[in-house]
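K.L.:
Take this structure, written in structure tokens, and hold onto it; I'll ask about it next.
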Amino acid sequence: MNEVLIYSDKPSLAAELVGFAREEEHDVTIVTFSPEEASELVGCGASKVVLLDGDSDIPENNARALAGLIDEWGVSLFAVGATPRGRDLAARVAGYLGCGMASDVSAVHLLDGKLSTERLMYGGAMVRSEEFSTPVVVTIPSGRFEAVRGVDSPLETIVIQPDMRVHLVEREPLSQEGADLSCAPRIVSVGMGVSKREDMALIEGLAAALDARIGCTRGIAEERGWVPAEQYVGISGVSVAPDLYLSVGVSGQVQHMVGVRDAKVIVAIDKNEKAPIFREADFGIVGDLYAVVPLLTDALVTAR
Amino acid sequence: MATIVACYKWVLDEEDLVINPDRSIDVSHARGKISEFDKSAIEATMQVAAQTGDATATLTFGTPDVRKSLKDALSRGPATGYWVGDAAACDADALVTSQVLASAIRTIDGTSLVICAEGASDTYARQIAPRVGALLDWPTVTSVIEMKVEGDSITATRKLDGCLETVTVNRPCVIAVLPAGYEPPIPGLKAVLSAGKKPLHELGIAELGCDPAPAAKVLSSQGFIANRRNVIFVDGDASDKVTSLVSALKKEGMLS
Ligand SMILES: Cc1cc2nc3c(=O)[nH]c(=O)nc-3n(C[C@H](O)[C@H](O)[C@H](O)COP(=O)(O)OP(=O)(O)OC[C@H]3O[C@@H](n4cnc5c(N)ncnc54)[C@H](O)[C@@H]3O)c2cc1C
């Protein structure tokens, strides 16, 4: 029985996916391409861990061989951690198998040979429910399921033939200089309405007055590079759930707002009364941030 | 001469979607647009072709309406526009779309490089490039922010979680680019005018031998409605509005 097969290049996420399979009482096997990860994964509660030994430095290079095994083993669901590598490998496997795939699901159930999923569309404006017959592939982001710990599962090694047409030249770690916003109780978020880099001092002053962390929109991190990429909020960035989310010069496009849906109170400062952010805010000030932010910072320092 | 093909999707502009109070979605006012990130795929195609002198083309699969996208696509530089317009695109999932695109690519003579974006702004499923690569059995490199092409050899830099990875691969291959590396310029008037004269090739699903049956069965689609208080201070001078906001936040217990 190979009901559910799991892979993630992040072992902690693989463990969460085992949590999903166990919650629904499926038989579950983890595959990995790395001996180090294999020894870490044996304690995660799967029926077994299979080390696919192919001697490639790039996990995605194993997709074709893995698709062959999934077919041979009669796997119903191949569940993959939704990381850049995971999504790539998962979609390649689905391509080789010619089967359906649900990406980055927010809900997932496997019952009677049918997979039902929910996922966001249009950057979060829409929730779509879908159903697939098996075999099927799914990618699941972290934070959806609780990892389980179990007695050590047996480890099996299978030699596979990776696709060596993509060669690794070098890998350079990106410094994780960004702050972790996922647990921050207060966030001041900066958008493209802040026009010059030196004006970030205004935002930092406001954040200090509130004892808040700084978040931002995609453009501030990816185009302007004023805030580390780990701190941009939204569908392709992080999701946050602070008590207070105060945005400055953020228009409130859905791709950003989907990341703050769990905030308790949302406050917006924007000069455009028609900006969509005001429809999704609890409180707001329509005004020029350059006039409002210094006054607000002073008032907060006095109030606290 | 080799050809570089940029794939793009014609999507509804998400800003035009209207969510009804019962959470159903009204798309009747929604205009079409080339998915933002796909403009970067077209731009990457033009940048690579400037290095190699290869021919360039765009390829899209959509409803018959997708024909309207070709002028915008070609105003971004590519020489030829291939399109598959079929009502089946309404229900197509990534399984169907990737089969249509891969089959179309096989018919475009001399295609040695296919460039896609990571994902489209409607589904953002990020499946197409790896699936097309698998169907063609070509090597695929995703999350690319930079490429150097010399003859058939490509050196690409990928931006992944926590690392930059440099890889080499030979053509033919499929590349998915991130928008960061390939900011699309706004086409000039001359480019827009000449786009109307570029050759177009329509391809049919049947002639490509593709099965239009999706694997995903859509059960429901519901709009998201934010349930917030919307207390917005509009009138008065800045200090009045700040005073109102601070007292509101105090009442909420946000300042203790
Ligand atoms: C597939 C996809 C995924 C995406 N993922 C994300 C994501 O994860 N996160 C994300 O943030 N974005 C994402 N985006 C981009 C998103 O659609 C928006 O473009 C982006 O969030 C807008 O950023 P912004 O609000 O900073 O800028 P803008 O939309 O340019 O808004 C700037 C705002 O500042 C206001 N302003 C200007 N000057 C002043 C002033 N002096 N005082 C006060 N207000 C002022 C303006 O009125 C405006 O409302 C994604 C897009 C796509 C297509």
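K.L.:
How many of the residues in the stretch B:130-143 are more than 8 Å from chain A (Cβ to nearest Cβ) and crowded, with 24+ Cβ neighbours inside 10 Å?
P.N.:
0
K.L.:
Out of (1) within 30 Å of B:G253 (Cα to Cα); (2) in the same structural domain as A:I266 (by TED's automatic domain parsing); (3) within 13 Å of the ligand (Cβ to nearest atom); (4) at pLDDT below 95, the odd one out for A:L181 is which?
P.N.:
That leaves (2) as the condition not met.
K.L.:
Continuing with this model, one more query. So which residues in the stretch A:202-229 are under 17 Å from the mean Cα position of the chain (by Cα) and within 12 Å of the ligand (Cβ to nearest atom)? If you could, list the steps in order and put the result at the bottom.
P.N.:
Here is the first cut: in the stretch A:202-229, the ones under 17 Å from the mean Cα position of the chain (by Cα) are A:215-218, A:221-222, A:228-229.
Passing the criteria: A:G215, A:C216, A:T217, A:R218, A:A221, A:E222, A:A229.
K.L.:
Let me ask something else. If you scan the stretch B:208-254, which residues turn out to be more than 7 Å from every other protein chain (Cβ to nearest Cβ) and touching a residue at least 24 places away in the same chain (Cβ under 8 Å)?
P.N.:
B:L208, B:G209, B:C210, B:D211, B:P212, B:A213, B:P214, B:I225, listed by residue number.
K.L.:
In the stretch A:168-211, what residues are β-branched (V, I, T) and within 14 Å of another protein chain (Cβ to nearest Cβ)?
P.N.:
Here is the first cut: in the stretch A:168-211, the residues β-branched (V, I, T) are A:169, A:187-188, A:190, A:194, A:203.
Within the stretch A:168-211, A:V169, A:I187, A:V188 meet the criteria.
K.L.:
Something else: Give me the pairs, please: first residue somewhere in the stretch A:286-299 and without any contact (Cβ under 8 Å) to a residue 40 or more places away in the chain and at the interface with chain B (Cβ under 7 Å from one of its Cβ atoms), second residue anywhere and in a helix (DSSP H, G or I) and of a type in the set (S, T, Y), beta-carbon distance under 8 Å, and either six or more positions apart or on two chains.
P.N.:
Listed pairs, sorted by first residue: A:L295/B:S239; A:A299/B:T243.
K.L.:
Output the residues belonging to the stretch A:33-61 that are free of Cβ contacts under 8 Å to residues at least 60 places away in the same chain, acidic (D, E) and within 27 Å of B:A134 (Cβ to Cβ).
P.N.:
A:E37, the sole residue that qualifies.
K.L.:
Any residue in the stretch A:252-261 that is within 12 Å of another protein chain (Cβ to nearest Cβ), within 26 Å of B:E14 (Cβ to Cβ), polar (S, T, N, Q) and within 9 Å of the ligand (Cβ to nearest atom)?
P.N.:
Taking every residue of the stretch A:252-261 in turn, at least one turns out to be within 12 Å of another protein chain (Cβ to nearest Cβ), within 26 Å of B:E14 (Cβ to Cβ), polar (S, T, N, Q) and within 9 Å of the ligand (Cβ to nearest atom).
To keep it simple, each residue is scored yes or no on (1) among the β-branched types (V, I, T); (2) closer than 22 Å to A:V127 by Cα.
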position: A:A208; (1), (2): no, no
position: A:P228; (1), (2): no, no
position: A:A241; (1), (2): no, yes
position: A:Y245; (1), (2): no, no
position: A:D262; (1), (2): no, yes
position: A:V292; (1), (2): yes, no
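K.L.:
Using the structure shown, decide if B:I232 is outside the structural domain of B:L113 (by TED's automatic domain parsing) and in a strand (DSSP E or B). Break it down into steps so the answer makes sense when it comes.
P.N.:
Values: outside the structural domain of B:L113 (by TED's automatic domain parsing): yes; in a strand (DSSP E or B): yes.
Yes.
K.L.:
Can you tell me which residue is nearest to B:E207 (Cα to Cα) among those in the stretch B:47-66 that are more than 16 Å from the chain's Cα centre (by Cα) and not polar (S, T, N, Q)? Please lay out each step first, then the result.
P.N.:
At the first step, the residues of the stretch B:47-66 found to be more than 16 Å from the chain's Cα centre (by Cα) are B:47-56, B:64-65.
Cutting the leftovers down to not polar (S, T, N, Q) gives us B:48-50, B:53-55, B:64-65.
Values: B:V48: 31, B:A49: 29, B:A50: 33, B:G53: 31, B:D54: 27, B:A55: 24, B:P64: 16, B:D65: 19 Å.
By that ranking, first place goes to B:P64.
K.L.:
Filter the stretch B:153-177 down to the residues that are modelled with pLDDT under 95 and either assigned to a loop (DSSP other than H, G, I, E, B) or outside the structural domain of B:T58 (by TED's automatic domain parsing) (or both) and list them by number.
P.N.:
Within the stretch B:153-177, B:D161, B:G162 qualify.
K.L.:
Right, here's the next one. Being in a strand (DSSP E or B), under 16 Å from A:F132 (Cα atoms) and not basic (K, R) narrows it down to one residue among A:A79, A:A94; which is it? So that I can check it myself, show each step before the final result.
P.N.:
Numbers: A:A94 fails: in a strand (DSSP E or B).
Only one candidate qualifies: A:A79.
K.L.:
How many residues does the stretch A:128-147 contain that are at pLDDT 95 or above, assigned to a loop (DSSP other than H, G, I, E, B) and out of contact with any Cys (no Cβ under 6 Å at 6 or more places or on another chain)?
P.N.:
Our first condition is that a residue be at pLDDT 95 or above; within the stretch A:128-147, this holds for A:128-140.
This time we only want the ones that are assigned to a loop (DSSP other than H, G, I, E, B), so: A:134-135.
So of that shortlist, the ones also out of contact with any Cys (no Cβ under 6 Å at 6 or more places or on another chain) come out as A:134.
The total comes to 1.
K.L.:
Before we move on, is A:S236 crowded, with 24+ Cβ neighbours inside 10 Å and either touching a helix residue (DSSP H, G or I) at 6+ places or on another chain (Cβ under 8 Å) or more than 11 Å from every other protein chain (Cβ to nearest Cβ) (or both)?
P.N.:
Working: crowded, with 24+ Cβ neighbours inside 10 Å: no; either touching a helix residue (DSSP H, G or I) at 6+ places or on another chain (Cβ under 8 Å) or more than 11 Å from every other protein chain (Cβ to nearest Cβ) (or both): yes.
For A:S236, the condition - crowded, with 24+ Cβ neighbours inside 10 Å and either touching a helix residue (DSSP H, G or I) at 6+ places or on another chain (Cβ under 8 Å) or more than 11 Å from every other protein chain (Cβ to nearest Cβ) (or both) - is not met.
K.L.:
Mind checking which pairs have a first residue in the stretch B:177-204 that is under 22 Å from B:A156 (Cα atoms) and a second that is in a loop (DSSP other than H, G, I, E, B), Cβ under 7 Å, 6 or more apart or different chains?
P.N.:
Pairs found: B:L178/B:E118; B:P184/B:R76.
K.L.:
Looking at the stretch B:87-128 only, could you name the residues that are touching a Gly at 6+ places or on another chain (Cβ under 9 Å), surrounded by 22 or more Cβ atoms within 10 Å (Cβ to Cβ) and in a helix (DSSP H, G or I)?
P.N.:
B:A89, B:A94, B:L95, B:S98, B:Q99, B:A102, B:I128
K.L.:
Considering only the stretch A:117-133, how many residues are more than 7 Å from every other protein chain (Cβ to nearest Cβ) and within 18 Å of the chain's Cα centre (by Cα)?
P.N.:
Kept after step one, since they are more than 7 Å from every other protein chain (Cβ to nearest Cβ), are these residues of the stretch A:117-133: A:117-120, A:133.
Now narrow it down to the ones that are within 18 Å of the chain's Cα centre (by Cα): A:117-120.
Number of matching residues: 4.
K.L.:
Quick one: count up the residues across the stretch B:188-224 that are in a loop (DSSP other than H, G, I, E, B), in the same structural domain as B:A89 (by TED's automatic domain parsing) and in contact with a strand residue (DSSP E or B) (Cβ under 6 Å, 6 or more places away or on another chain).
P.N.:
The number of residues fulfilling the criteria is 1.
The values are calculated or read from the model by the stated rules, or taken from the named source; none is laboratory data. This one's a predicted model, so the numbers in the text were calculated from it and none came from an experiment. Because the Cβ atoms are built from the backbone with ideal geometry, glycine has one as well, and the counts that use them run over all protein chains shown.
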